[in-house]
Amino acid sequence: MIFYKTEEEIELMRASAKVLAQAHGEVAGMIREGVTTRELDLRAEEFIKDHGGQPSFKGYNDFPFSLCISPNSVVVHGFPSDYTLKSGDVISVDCGVLLNGYHADSAYTYPVGEVAPEVLELLEETKKSLYLGIEQAVAGNRMGDVSFAIQNHVEKRGYGVVRELVGHGIGQKLHERPEVPNYGKRGSGLKLQTGLVLAIEPMVNLGTKSVVQEKDGWTIRTKDLKPSAHFEHTVVVRKDKAEILTSFEYIEKALQ
């Protein structure tokens, strides 16, 4: 079943999204050489709880952390650890917040120190593809319009779009119907209606689209071990223009 949100529910999700955006900003301010990914996880959890929320990911299907932190060739679902950030890394930070009974979900991929130009371009174009997908998330369009916009942009640049992992509906549950693939055909799939809230999240690889799962049962890595990028917003389908509930504002301030 697909759950369309009332304006009252969207307001509750907006509150979750604000705490989430601020938590991302806290993490962004810590990202530098010499910091461990576990330190980032602990700071995010502390901030979310201090602001009345709960980390959406911690305990979800027994996931043991508050953040998914995915460096370099890890696409998503990486475990925070004693891994120490070093110059040349790129690191995806995916976070969710549960507040007032509703979830918000977003992700951002950061360069650390001096990163190869082709990898910086991957990050830039993946982020652009997110916003191109969001532009299509308006009432009357089809899910395939969102998916095609993402796929078309990144594949034209020679990148691989991950097929095995998709975006999703979101609300009282972290993952709700429908799925939001990052590849598809224009005019195909579910007809979008006002009040549908989606987590749109391109996962794009510098090389092959193929991925493998590691033995921990969570970590997804590129098959060719080339870097991957991941950006995500929680978005409301509206009549004329999609509304983005989450924000990168606090991240961008921290990175200045």
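A few comments on the model shown:
- Summed over the residues of the chain and divided among them, the accessible surface reaches 43 Å² per residue at a probe radius of 1.4 Å.
- If the convex hull is drawn through the Cα atoms of the stretch 173-215, its volume per residue in Å³: 128
- Hits among lysines - C-alpha to C-alpha of K58 under 21 Å, sequence gap 8 or more where chains match: K18, K49, K173, K215
- Options L245, L122, Q151, ranked by Cα towards positive dipole end of the chain, top entry (Cβ charges): Q151
- Annotation: extensible slack from K191 through E114 equals 23.4 nm (criterion: 0.36 nm per residue apart, minus Cα-Cα distance).
- Size of electric dipole in the chain: Cβ of Lys, Arg +1 and of Asp, Glu -1, about Cα centre, debye, nearest 20: 780
- Of the solvent-accessible surface of the stretch 7-255, computed with a 1.4 Å probe and all protein chains present, 48% belongs to carbon and sulfur.
- Net lengthening on full extension, E8/D50 (0.36 nm per residue, minus Cα-Cα): 12.7 nm
- Spatially, the stretch 1-26 and the stretch 194-256 are offset by 17 Å when compared through their Cα centroids.
- When the P(r) of the stretch 7-255 is calculated, the portion above 29 Å amounts to 23% of the C-alpha pairs.
- Rounded to the nearest 10 Å², the accessible area of Y131 at probe 1.4 Å: 80
The values are calculated or read from the model by the stated rules, or taken from the named source; none is laboratory data. Since the structure is predicted, the reported quantities are computational estimates derived from the model, not experimental observations. Cβ sites come from the backbone with ideal geometry, for glycine too, and all protein chains shown count toward neighbours. Only protein heavy atoms, including side chains, enter the accessible area calculation; ligands, DNA and RNA are left aside. Shrake-Rupley method; radii C 1.70, N 1.55, O 1.52, S 1.80 Å.
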